[in-house]
Amino acid sequence: MFHTQTYTGTREENYTLVIEQLKALISDEKNVVANLANASALLNYFLHDINWVGFYIAEGNELVLGPFQGLPACVRIPFGKGVCGTAAAEKRTVRVADVHTFPGHIACDAASQSEIVVPMIKDGHVIGVLDIDSPIKNRFDEIDEQYLQRFVETLVRYLDI
């Protein structure tokens, strides 16, 4: 059971707490949609200054929209296109301080100014990505990147994809 939490520690302590909350939310549930929905809701509650957080699931050489929090979004993104497709194709986290400078950026929400995308990798294969947008330029830093990668690694361990 999730209990609302006031995150009063350091950013690192707060991220560690969120990862523990994620484990508690998903450890006894096998349904992928339910787990991704709760994971996106948890991050939406925890993160400040964001306007979209959610998942795209790999289907062949495309990413297909999964559970998210925010405005309606692009449904399909080819691997290699935009920030999400680049993260999936290159199997690496992509952090963009200003999305308007990213070649081929896909603008689903005109308010988005910065973005971070973390690939979800299981058994060496990309199974999806975590995508987070912010209406503030340079919103995401090394701490966000490090702990969001840990968040995704934890999530992937419990996903049956």
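Points to keep in mind about this one:
- Each of VAL152, VAL117, VAL32 was scored by other Cβ atoms within 10 Å of its Cβ. Arranged with the fewest first, they read VAL32, VAL152, VAL117.
- Point-to-point label distance, ASP141-ALA111, nm (Cα→Cβ direction, 7 Å offset): 2.4
- Cross-link partners of LYS81 among lysines, defined as those whose alpha carbon lies under 16 angstrom from its own and excluding same-chain residues fewer than eight positions apart: LYS91.
- One equal scatterer on each Cα of the chain, no solvent, Debye formula: the resulting log10 I(q)/I(0) at q = 0.14, 0.15, 0.19 Å⁻¹ is -0.64, -0.74, -1.24.
- Near ILE143: Cβ cut-off under 13 Å, other residues only, Lys/Arg at +1 and Asp/Glu at -1. The net charge is -2.
- In terms of other Cβ atoms within 10 Å, GLU153, GLU12 run from fewest to most in the order GLU12, GLU153.
- Straight-line cross-link partners of LYS23 among the lysines, defined as a Cα under 18 Å from its Cα and at least 8 positions apart when in the same chain: LYS122.
- Fewest-first ranking of CYS74, CYS84, using other Cβ atoms within 10 Å as the exposure measure: CYS74, CYS84
Values quoted throughout were computed directly from the atomic coordinates according to the rules given, and no laboratory measurement underlies them. Fair warning: this is a prediction, and the values are worked out from it, not measured in the lab. When we count neighbours, we look across all protein chains shown, and the Cβ atoms used for this are built from the backbone with ideal geometry, even at glycine.
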